[in-house]
Amino acid sequence: MRVFLCCALLLLLSQPLAAQTLYWIDAGDLVQHQVGNGVTTVLPSASPLVTLSVDVAVGKIFYFREPFSLMSADLDGGNAANITSYPFGFQALAANPVDQRLYWINAFNGQLVSIGYDGSSPTAVGGMFATSGIGIDWIAEKLYFTLDTPGRLTRRNFDATGEEVIVAGGLSMPRDCRYDPMGLKVYWINAAGAVQRCDNDGSGIEVIVPGTTISGITNLVIEEFDESVFFSTSTGSVWRTDLDGSNLEQIYTGGTNISELAITPAVVCSPAFIRGDANDDGSFDIGDPIAVLALLFVPGTPFLSCQDAGDANDDGLLNIADAVSALASLFSPGAPLPPAPHPDCGGDPTADALGCDNSSGCPCL
């Protein structure tokens, strides 16, 4: 089962990808942010949240809320349900899609606590004082840990056995450990608020975002499928950068104090489309045959974002016949409308060599 789940996650890399969704806690509220279009929504939650994680494979958000309940909810915040009650000390919540268990640190008694998504089989392992972050390697089935004192980085098996010291000490109070299983690197935030990383053998320690560049960094997440790091700040902003710290950009500024981040990775998307809507404006009109003619005869015209939509006569080709067919549908009495999917969004019922990378007015299938 674990091998199957790992393979399923890896398969995402070879498929078209839809935009990610970020979740964060801002002044106790649960917030959802669509990275692609920037839409931000405060989701329902009954009381202030403390820490959170997400598993898109099961379509669930997990979070601790005051007073002392571990909760699950749908990705829109609905159907919130109590998993278990837990008295104190919860931090660094991490959802593991491979074994479908939640991990967190009890900071008061130094335990690594784990429980099934459904509340089954709780476990606790001691000796974890000063642990300040949990990263999951779902391919090699390892947990990575930052320990703020003595500045250490370690890893263990999912059952907490087999501890290995990756960096023995000297890191500056590392926290918020994250692991990139594709790049084989560990990421964390240090005492100066800088984002750092190293190879999974502890070598190659480097700063990718200095603390002087962005002040007040509070949390980070890795999106390994599109090779991005997202991080939040105490001033209510969210930033994105490539895995090496390049191409830094601010993607959100409307918050108060964002303390936790989680992300649903880019998921497989086969876009639906409306046949005939060649210019992808959501309607079928004169602009569509013009878009096809421009593509065919005006040098430098960009390719259609959805070639299937431009194939107005559904012959599996994109040529002048599509513009003629579209014009006939629009202006010749009695001429048929374009074949399905039209006028509503849908998939292509005809197998052909054309594709559809993006159709902004239609959802994924």
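Just from its helices, what would the mean residue ellipticity at 222 nm be for the chain, if runs of 4 or more DSSP H residues each count -39500 (n - 2.57) and the sum is divided by every residue, rounded to the nearest 500 deg cm²/dmol?
Values: 4 runs with 37 residues, N = 365.
Value at 222 nm, helices only, nearest 500: -3000 deg cm²/dmol.
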| Distance between modelled label sites at Ser172 and Leu296, nm, 7 Å Cα→Cβ extension | 6.3
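About the Cα centre of region 271-365, what is the dipole size in debye to 20, counting +1 per Lys and Arg Cβ and -1 per Asp and Glu Cβ, all else neutral? Provide the component values of the computation, followed by the final result.
Numbers: 1 positive and 14 negative charges, 28 e Å.
Dipole about the Cα centre, nearest 20: 140 debye.
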| remark: Of the residues Pro97, Pro150, Ser120, the Cα lying farthest along the dipole of the chain towards its positive end, which is defined by charges on the beta carbon of Lys, Arg, Asp and Glu, belongs to Pro150
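Figure the gain on full extension for Glu141 and Ser360 (residue separation times 0.36 nm, minus the Cα-Cα span) and round it to one decimal in nm.
On the way: separation 219, 0.36 × 219 = 78.84 nm, distance 3.73 nm.
The Glu141-Ser360 span can extend by a further 75.1 nm.
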| query | About its Cα centre, what dipole magnitude does region 204-272 give when the only charges are +1 on Lys and Arg Cβ and -1 on Asp and Glu Cβ, stated in debye to the nearest 20? | reply | 280
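What net charge do the residues around Ala323 carry, taking every other residue with its C-beta under 12 Å from that of Ala323, with Lys and Arg at +1 and Asp and Glu at -1? Mind dumping the intermediate values first?
Working: positive: none; negative: Asp288, Asp311, Asp322.
For residues surrounding Ala323, the net value is -3.
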| said: Could you give each residue of region 139-153 its phi-based ³J(HN,Hα) in whole Hz, using Karplus coefficients 6.51, -1.76, 1.60 with θ = phi - 60°, and x for Gly or Pro? | reply: 8, 8, 6, 10, 9, 9, 10, 9, 10, 5, 10, x, x, 10, 10
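Share of Cα-Cα pairs in region 13-110 beyond 20 Å, in percent? Mind dumping the intermediate values first?
Numbers: 1807 of 4753 pairs.
Roughly 38 percent, once rounded to a whole number.
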| remark: Expected vector for region 236-251, Karplus 3J(HN,Hα) from phi with 6.51, -1.76, 1.60 and θ = phi - 60°, integer Hz, x for Gly and Pro, equals x, 10, 10, 10, 10, 8, 5, 4, 9, x, 7, 6, 5, 8, 8, 10
| note | Quick calc: nm separation of the 7 Å Cα→Cβ label points for Thr350 and Asp226 -> 3.2
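What per residue convex hull volume, in Å³, do the alpha-carbon atoms of the chain yield? Don't skip to the answer; put the middle values down first.
Numbers: hull volume 57.9 nm³, N = 365.
Value for the chain: 159 Å³ per residue.
May I ask for the longest run of the chain untouched by chymotrypsin sites (Phe, Trp or Tyr not before Pro) that are loop-located per DSSP and have at most 13 neighbouring C-beta atoms (other than their own) within 10 Å? Working shown, then result.
Numbers: sites that count: Phe88, Phe108, Phe303.
No qualifying site falls inside 109-302, the longest such stretch.
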| Taking amide H positions as placed 1.01 Å from N in the peptide plane, with prolines and chain starts having none, which residues 5 or more places from Leu75, or on another chain, fall under 5 Å of its amide H? | Ile61
| query | When the label point is put 7 Å from the Cα of Thr256 along its Cα-to-beta-carbon vector, which residues of region 18-46 have a backbone N closer than 11 Å? | reply | 26-30
| said: Run the numbers for Glu206 and Thr235: contour at 0.36 nm per residue of separation, minus the present Cα-Cα distance, in nm. | reply: 7.9 nm
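Looking at the P(r) of region 97-148, how many percent of alpha-carbon pairs lie beyond 14 Å? Let's see the in-between values first.
On the way: 695 of 1326 pairs.
That tail contains 52 percent of the Cα-Cα pairs.
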| For the pair Leu248 and Leu330, what calculated FRET efficiency results from E = 1/(1 + (r/R0)^6), where r is the Cβ-Cβ distance and R0 = 45 Å, to the nearest 0.05? | 0.45
| said: Going by amide H atoms built from the backbone, whose H comes under 5 Å of the H on Arg275, apart from near neighbours? | reply: His342
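Multiply the residue gap between Ala57 and Asp118 by 0.36 nm, knock off their C-alpha separation, and tell me the result in nm, one decimal place. Could the numbers behind the result be given before it?
Values: separation 61, 0.36 × 61 = 21.96 nm, distance 1.46 nm.
Result for the pair: 20.5 nm of gain on full extension.
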| query | Over all Cα pairs of region 271-365, how is the pair count split among 10 Å bins, expressed in % and running from 0 up to the last occupied bin? | reply | 20, 55, 24, 1
| What are the residues whose amide H is under 5 Å from the amide H of Ser69, where those residues sit 5 or more places off or on another chain and H is modelled from the backbone? | Tyr86
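Just so you know, all these numbers are worked out from the coordinates, no wet-lab data involved. Just so it is clear, the structure is predicted and the values come from calculations on it, not from any experiment. No Cβ is skipped: glycine too gets one built from the backbone with ideal geometry, and neighbour counts run over all protein chains shown.
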